[in-house]
Amino acid sequence: MFISYFCVILLLVIVLKILFKNTTKYSKSIYTKFLQFHKKQYGLKYSLYTALISFLLLFCIIVQLKVHNIALIVVFCTIIVCFFLWRYVRPITEVNKEFQSQKIQSEEEFTFIFYEKPLQPDSLNLIWDEQLNKADIYLESALRISLTHEDGSVESQKTYQSEWGNSSNLVFTFYIGYACEIEVMGYLHYTLWGMIYKEVLLYLLLYIIVGYGFYTFFIILSRRINSLRSKEIVEIIKETPVEILKEVPVEIIKEVQVEKQIIKEVQRVDIIPLHSYILGESLIFYADQNIIEVNDVKYNIQGQSSLLLELFFQEKDNGYTLKEDFIIEKLWPDNSGNDERMHKAIGRLRSFLRKIDPSLSIINKNGTYRLIISEKSLVKRNS
């Protein structure tokens with residue numbers, strides 16, 4: 001297809017009449033002006049595009065820092081370092097390489113001939129490259145045009161920076177004319193990187209980053225919604241100061257004066273389920289069943305409040321005192337607890353105890369909570 005396209009173009013060229021020649025000496029100053037011109041034309045667009053990709057990569061790193069995903073943090077850091085090297089270090093390396101090239105060091109002269117009907121390899125190569133792109137062939141292309149004059153001399157031109165063109169990647173050779181024969185040779189640079197369209201890779205990377213950002217956002221949002229659904233909705237109970245009563249040591253066995261009462265009390269304890277506590281003469285706490293019995297009337301206690309009350313009883317040697325951090329650790333072993341949830345749990349237990357026995361109370365002091373038991377109440381544990 002593209003060979004026949006060249007036939008139409010080249011057949012239009014009958015006589016190549018020279019208009020004038022231009023000779024340019026390749027030097028460092030000329031090359032510097034060339035770089036400044038391109039920086040002025042495309043520098044802003046290049047920098048904005050680089051900043052956009054860098055911002056998206058940094059956003060992904062920040063998101064992974066919040067969820068403590070070390071593996072993806074390392075991956076994104078590696079990507080952003082490689083991206084920086086490719087966008088900034090690689091161009092600097094190529095420019096330095098060009099400054100050290102033979103044509104600039106020796107300040108070689110290049111002659112450009114302008115014809116009335118020009119046949120330039122670079123111009124034709126642009127047309128050929130467009131046709132290749134339309135056919136979804138994204139390779140680096142080059143042309144070499146040789147013109148045989150009437151006196152037998154041969155003049156050759158090739159595409160700029162096409163030193164790689166040789167017989168190994170020659171794809172076609174085409175001839176036009178007889179007296180002034182024109183030879184056109186087409187080359188394609190077959191490399192793995194050249195066969196992949198760079199803009200496609202950049203957009204693909206952009207889509208991956210954006211897609212991953214949305215995925216992470218929805219995961220965090222989903223976890224937040226689930227956390228809100230599972231969070232207990234309770235009334236915030238305002239803490240009121242409670243008078244500190246005299247602390248009474250807890251005895252394992254209740255003392256009774258009459259022998260018959262002792263026998264009765266022991267028999268009563270034997271029928272109480274394991275893991276239970278007796279407070280005074282009328283209150284029994286069944287820790288395993290989450291039930292408190294007061295004067296033969298049973299009250300159901302919430303599981304969390306039951307666990308909290310048992311924690312207080314277990315700290316008899318410490319004066320029934322619990323530290324705030326200890327409460328959070330025991331009630332929420334999955335690390336979901338906080339000060340607000342702890343205060344609400346204490347408030348629920350305090351309200352429940354006031355309802356069944358006003359002599360029981362919970363006070364807060366210096367980052368700890370203490371269960372206050374009146375002198376009339378003695379605790380016995382059956383476990």
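Kindly indicate whether E243 is at pLDDT 80 or above and either loosely packed, with under 10 Cβ neighbours inside 10 Å or part of a loop (DSSP other than H, G, I, E, B) (or both). The answer is no for E243.
In the condition set (1) surrounded by 14 or more Cβ atoms within 10 Å (Cβ to Cβ); (2) modelled with pLDDT under 75; (3) polar (S, T, N, Q), Q120 is compliant with all but (2). In a residue-by-residue description of segment 32-40, the property of being free of Cβ contacts under 8 Å to residues at least 60 places away in the same chain and under 25 Å from the mean Cα position of the chain (by Cα) applies to no position. Restricting segment 292-310 to residues that are within 12 Å of F352 (Cα to Cα) and surrounded by fewer than 17 Cβ atoms within 10 Å (Cβ to Cβ), the residue that is nearest to the chain's Cα centre (by Cα) is Q302. Suppose the filter is of a type in the set (F, W, Y) and not in a strand (DSSP E or B); does F110 pass it? When the stated conditions are applied, F110 does not pass them.
Annotation note: of D334, D288, the sole residue that is among the acidic types (D, E), over 45 Å from the mean Cα position of the chain (by Cα) and part of a loop (DSSP other than H, G, I, E, B) is D288. A single member of V266, V234 is assigned to a helix (DSSP H, G or I), modelled with pLDDT under 50 and among the hydrophobic types (A, V, I, L, M, F, W, C), and it is V266. For the structure I just gave you, tell me whether I113 is among the β-branched types (V, I, T) and modelled with pLDDT of 75 or more. No: the conditions fail for I113. Annotation note: Cβ proximity below 6 Å between a residue of segment 315-333 that is within 18 Å of L360 (Cβ to Cβ) and a residue that is among the basic types (K, R) and modelled with pLDDT under 90 (sequence gap 6+ or interchain) occurs for Y320/R370; T321/R370. Residue count for segment 155-181 satisfying the condition of being among the hydrophobic types (A, V, I, L, M, F, W, C), surrounded by fewer than 12 Cβ atoms within 10 Å (Cβ to Cβ) and either within 17 Å of D129 (Cα to Cα) or at pLDDT 70 or above (or both): 0.
With respect to the stated conditions, E94 fails to be of a type outside the set (S, T, N, Q) and farther than 26 Å from L202 by Cβ. Selection over segment 123-154 of residues that are of a type in the set (D, E) and at pLDDT 80 or above gives a count of 3.
One residue is enough: does segment 24-46 have a residue meeting the conditions part of a strand (DSSP E or B) and farther than 22 Å from I92 by Cβ? Yes, segment 24-46 contains at least one residue that is part of a strand (DSSP E or B) and farther than 22 Å from I92 by Cβ.
Within segment 182-215, restricting attention to residues that are at pLDDT 85 or above, part of a helix (DSSP H, G or I) and β-branched (V, I, T), the residue that is nearest to F76 (Cα to Cα) is I209.
The values are calculated or read from the model by the stated rules, or taken from the named source; none is laboratory data. A quick note: this is a predicted structure, and the numbers were derived from the prediction, not measured. Heads up, the Cβs are rebuilt from the backbone with ideal geometry, glycines too, and the neighbour counts pull from every protein chain shown.
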